[in-house]
Amino acid sequence: MTLTKESAHALASKLAPKGLAFIDGKFATAADGATFDTINPATGQLITAVAHCGTADVDRAVKAARRSFDDGAWSRAAPEFRKEVMLRLADLVRTHREELAVLESIDSGKTVIDCLHEIGREVPTFFQWYGELADKSFGKVAPTGENALALIVKEPAGVVGLVLPWNFPLLMAAWKMAPALAAGCSVLVKPAEQTPLSVLRLAELAQEAGIPDGVLNVLPGLGETTGQAIGRHPDIDIVSFTGSTEVGGYFLRYAGESNLKVIGLEMGGKSPFIVLDDADLTDDLIEHAAMSAFWNGGQNCSANMRQLVDRSLADEFAHRVTVRAKAFRVGDPLDPATNIGAMVTAEHQTRVMGYIERGSAEGARLLTGGGSTGPGYFIEPAVFADMTPTMSIAREEIFGPVLGILPVAGMEMALRIARDTDYGLHATVFTRDIDRAIHMARRLPCGTVSVNGFSEGDVKTPFGGYKRSGSLARDNGTEAMDQYLQTKTIWFSTARPSAAR
Ligand code: NDP
């Protein structure tokens, strides 16, 4: 079946999302009965009330996770078993992709077409790839003399808290859950308060796939309560977090004030898109420039919002990006023809509109867009020319559809401005000169450098940030699984066997 606007709306009207926590294999209300509302950003209407997990619920989930970890039904199971369950989960997500995509679209304001791509293709790929890795990860034998045998083995690290953002709800869940589960850990997932519904449905599918009770728990709630309770819990071994730099800092503090749990951080960005003077301004380059900024309504940590374009190309680049920006269709996220849906909340819409006003007030030239419409939280993609490095729109993470073009005089100036930021998540460079491409890639302090195309990489390549964009932890690739494994040395002292035996 292929979704149409009508079929997506029909499917949305039939959904009955579960607004409950998922703890120890069962759906449950919060211990104190507390709830919070989840709103459809495209309409401003209530979807459902959702259980707001407090300290008691987090504690119950940690106990279930610890029990399941110690029982070994998952953590010490044959890796082939974990693989089979995760492959089943990948298949179940594929089978339910349209339901999940519509559910996520109404909860987040993301376009159903993006949700369908992420949930139909990328999410199952993550469960499949890490499931496959479960029985292909080997330890090492260290070089010793004949009087010893030294094994270096990897063991699941324990109970893991996964604290998620709202911009890619199910995809970020898969980025973190898949390697943690493949490693044999038991997990607690805290979805963002704006987007709990698709992850709760995923928990049901995971149970159907055969994940044992207690191994996967989903705790919806607010950051200051549920998130903080996870951050401070003394029996959680690792937290992996994606979100703002400010809250990432809180998790380091929570760990320092509790049990020194390991914290993996993936945070914000202010990534450059660099066009050197030898680049061809092809349609492909313009498409990458526009998509790097406006994909997911600009609500993307690696969005390339600082577009540093050589002066000789800047006017033509600005004209063509403007034409492309005008072609984006903004509106009903459930219409597969829509390119940009709603901002996630009314507050976020107001925040992004504030940046558009500041951009104009600080002297940048608005070439197109920047209007907002309702009753949902929509913003037309904005393109600014004549941005300078000190403007707020050039320095701060906006997390909305606001692209700024900053003309530069040569490669070294582009590099200097690109490096002058507290963030270090991503950069794109367009050049036809391989030596300049390598020079730029080596000198840009960020986790991913993308040459002659905007890309975040894929399941096989690590993703994370330098500076205030991240810790040394990485999502994706074999590096992600390493985050959830402990390293143990087993040293055998051996003696030459007696010949008589
Ligand atoms: P946050 O960093 O506030 O939220 C990320 C996660 O942390 C959510 O699950 C959130 O819960 C939780 N959280 C929030 N406050 C606390 C706390 N005090 N203790 C423990 N956990 C907490 O991001 P926002 O959603 O508020 O977005 C703000 C900005 O962050 C964006 O505009 C963007 O700049 C950046 N961001 C970056 C993302 C990225 O991919 N790197 C993703 C999302 C945002 P709750 O949902 O209840 O707030």
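The values are calculated or read from the model by the stated rules, or taken from the named source; none is laboratory data. Predicted, not measured: the structure shown is a model, and the values here were computed from it. Cβ placement follows ideal geometry from the backbone for every residue including glycine, while neighbour counts extend to all protein chains displayed. What goes into the accessible areas is simple: the full protein's heavy atoms, side chains included, and nothing from ligands, DNA or RNA. Shrake-Rupley method; radii C 1.70, N 1.55, O 1.52, S 1.80 Å.
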Apportionment of accessible area to carbon and sulfur, region 272-451, percent (1.4 Å): 50 percent
Members of K14/K190; K18/K326; K5/K136; K110/K270; K176/K270 lying beyond 31 Å, as alpha-carbon distances in this model show: K18/K326; K5/K136
Mean residue ellipticity (222 nm) of the chain, computed from DSSP H runs ≥ 4 via -39,500 (n - 2.57), nearest 500: -12000 deg cm²/dmol
Ranked order, D237, D70, D475 - accessible area, probe 1.4 Å, largest first: D70, D237, D475
Sorted peptide list for 174-185, 112-123, 314-325, 365-376, criterion being average Cβ within 10 angstrom, highest first: 174-185, 112-123, 314-325, 365-376
Distance between region 339-367 and region 117-171 - C-alpha centres, whole angstrom: 39 Å
Cα-only radius of gyration and Dmax that characterise region 220-285, units Å: 18.6, 55
Spatial separation of Cα centroids for region 456-501 and region 1-17, in angstrom: 43 Å
V429 long-range amide H proximity, modeled H, under 5 Å: I274, S450, V451, N452, G453
Calculated log₁₀ intensity ratio I(q)/I(0) where the Debye formula runs over C-alpha points of region 272-451, q = 0.13, 0.14, 0.15 Å⁻¹: -0.60, -0.70, -0.80
Selection from T448, V383, P407, by position along the positive dipole direction of region 272-451 (Cβ): T448
Residue-level accessible surface for E362, protein heavy atoms, 1.4 Å, Å²: 80 Å²
Dipole in debye (nearest 20) - region 79-234, about Cα centre, beta carbon charges: Lys, Arg +1; Asp, Glu -1: 320 debye
Apportionment of accessible area to carbon and sulfur, region 1-152, percent (1.4 Å): 55 percent
Fraction of antiparallel bridges per DSSP, region 272-451 only, in percent to nearest 5: 20 percent
Accessible area in square angstrom per residue, region 272-451, 1.4 angstrom probe: 38 Å²
Accessible area of region 29-75 divided out per residue, in Å², using a probe of 1.4 angstrom: 44 Å²
Summed side-chain charge close to E122 - residues other than E122 whose Cβ falls under 14 Å, Lys, Arg +1, Asp, Glu -1: 0
For the chain, projected area of the alpha-carbon convex hull averaged over all directions, nm²: 26.3 nm²
Rounded accessible area of R468 (nearest 10 Å², 1.4 Å probe): 140 Å²
Over 23 Å [Cα-Cα, region 1-121], rounded percent: 49 percent
Cross-link reach list, aspartates and glutamates versus K488, counting only Cα pairs under 19 Å and skipping chain neighbours closer than eight places: D70, D135, E155, D237, E479
Cα pair count fraction exceeding 22 Å, expressed as % - region 159-245: 16 percent
Degrees between helix 97-108 axis and first principal axis of the chain (Cα, 0 to 90, nearest 10): 60 degrees
Unit Cα scatterers, Debye sum, region 19-70: log10 I(q)/I(0) for q = 0.27, 0.29 Å⁻¹: -0.96, -1.04
Kirkwood hydrodynamic radius (C-alpha pairs) into Stokes-Einstein, region 413-495, 10 °C and 1.306 mPa s, D in µm²/s: 107 µm²/s
Probe 1.4 Å - accessible area at F27, Å² to nearest ten: 50 Å²
